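The values are calculated or read from the model by the stated rules, or taken from the named source; none is laboratory data. This one's a predicted model, so the numbers in the text were calculated from it and none came from an experiment. Because the Cβ atoms are built from the backbone with ideal geometry, glycine has one as well, and the counts that use them run over all protein chains shown. Only protein heavy atoms, including side chains, enter the accessible area calculation; ligands, DNA and RNA are left aside. Shrake-Rupley method; radii C 1.70, N 1.55, O 1.52, S 1.80 Å.
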Amino acid sequence: MSILLVPAPGAEQAAADLAAHLAAPIGRVEARRFPDGESYLRLHDDLAGRDVVVVASLRDPDPQALRLWYLAQTARDLGARQVGLVAPYLPYMRQDKRFQPGEAVTSGTFARFLSQAFDWLVTVDPHLHRLASLSEVYAIPAENVASAPAIARWVATNVPEPVIVGPDSESEQWASDVAGRVGCPFIVLSKRRLGDRSVEISVPEARAYSGRAPVLIDDIISSARTMAVAVRNVRSVFGRAPVCIGVHAVFAPDAMRALREAGAAAVVTCNTLPHESNGIDVMGEVAEAVRARVVSALG
Ligand code: R5P
């Protein structure tokens, strides 16, 4: 293996976090915009025969996407033996269905785009809801790294006597996995989405868990409306403020404020997207997946 990590613009922190576990060098990427807005990119390393791993931080995917394409093509032009992609947060996973006539089903289109550019993909807990697995939309080997082991380690170390709370039915997969690893109970709330920034959440009877510390876990915190409403309702039912854990800190501009106003005891996220709330390191597991992918691509 001759891995070289190539950070796409904006993914320098993610590449450094990954390099700390992978013991692989980080390449030098020069990126800027021409006055007309077009991208200038230059890879300064010798890529001939290297196993190139592009690392991308895709909180704002549209401006990043074309540059990923250019990086992958340039790495191949320069002789890379393989070009994989590590996107710890995989965007465009929620519009996986045409809800209204004429809507773009972007999860499939984005997957086809990345599948043409890269040999393989490693990501962390993609939002699989109606899709059972990434292979339904990705034509390349796509590895789904679970954040549950890292989250469970954090909860076990930081929260005595927890009860894990999933804010909606989709979060049950993470809530149950983390609770199983910690060895504590979990419950799942019931959510109805009324709009992009409006949800209703109901909390079931929780007397059996009185005395336990509620820990809300969701995969994505975006507008934070889901978490904020769940925090308020959990506080009123449990009589204590929950810790909020998000896998992916997407965080719209006013999201952190919404969580503070709702009265969260703490907000902690995994380092799949850089954010002040990052406190859970999932890059050890990502590094293992990258090693396995590189080896398997070499045949
Ligand atoms: C939705 O199904 C996801 O699991 C999250 O609950 C959702 O994306 C959170 O979004 P927001 O923070 O905007 O409520």
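Counted residue by residue at 0.36 nm each, then reduced by the alpha carbon distance between them, the extension gain from residue 30 to residue 60 reaches 8.8 nm. The modelled label-to-label distance between residue 76 and residue 265, using points 7 Å beyond Cα along the C-beta direction, is 5.1 nm. Ordered from highest to lowest accessible area with the whole protein assembly present and a 1.4 Å probe, 70, 89, 209 read as 70, 209, 89. Expressed to the nearest 5 percent, the antiparallel share of DSSP beta bridges inside region 52-183 is 0 percent. As an exercise, use a Förster radius of 30 Å and the Cβ-Cβ distance of residue 295 and residue 136 to find the FRET efficiency, rounded to the nearest 0.05. That pair, residue 295 with residue 136, gives E of 0.75. Between residue 116 and residue 254, the contour length at 0.36 nm per residue exceeds the Cα-Cα span by 46.1 nm. Taking the charge dipole of the chain about its Cα centre, with +1 at Lys and Arg Cβ atoms and -1 at Asp and Glu Cβ atoms, the residue from 226, 178, 127 reaching farthest to the positive side is 226. Summarising the label geometry, the points placed 7 Å from Cα in the beta-carbon direction at residue 98 and residue 69 lie 2.3 nm from one another.
For region 72-91, backbone nitrogen atoms closer than 18 Å to the point 7 Å from residue 157 Cα along Cα-to-C-beta are found at no residue.
Ranked by solvent-accessible area (1.4 Å probe, protein heavy atoms only, all chains present), the residues 191, 97 order from largest to smallest as 97, 191. Heavy-atom accessible area for residue 157, with the other protein chains in place and a 1.4 Å probe, reaches approximately 110 Å².
Hydrophobic, long helices, defined as DSSP H runs whose alpha-carbon span along the helix axis is 20 Å or greater and whose mean Kyte-Doolittle value is at least 0.0, occur in the chain at 283-298.
The calculated 222 nm mean residue ellipticity attributable to helices in the chain amounts to -10500 deg cm²/dmol, summing -39500 (n - 2.57) over DSSP H runs of n ≥ 4 and dividing by all residues.
Of the listed residues 193, 76, the order by accessible area with a 1.4 Å probe, largest first, is 193, 76.
For the chain, the per residue solvent-accessible surface stands at 44 Å², with DNA, RNA and ligands left out and a 1.4 Å probe. Net length available on complete extension from residue 39 to residue 169 is 42.6 nm, with 0.36 nm assigned per residue and the Cα-Cα distance removed. Rolling a 1.4 Å probe over the protein heavy atoms of the chain, with every protein chain left in place, gives an accessible area that is 48 percent carbon and sulfur. Taking a ≥ b ≥ c as the square roots of the eigenvalues of the alpha carbon gyration tensor, the chain is prolate, as a/c is not under 1.5 and a/b beats b/c.
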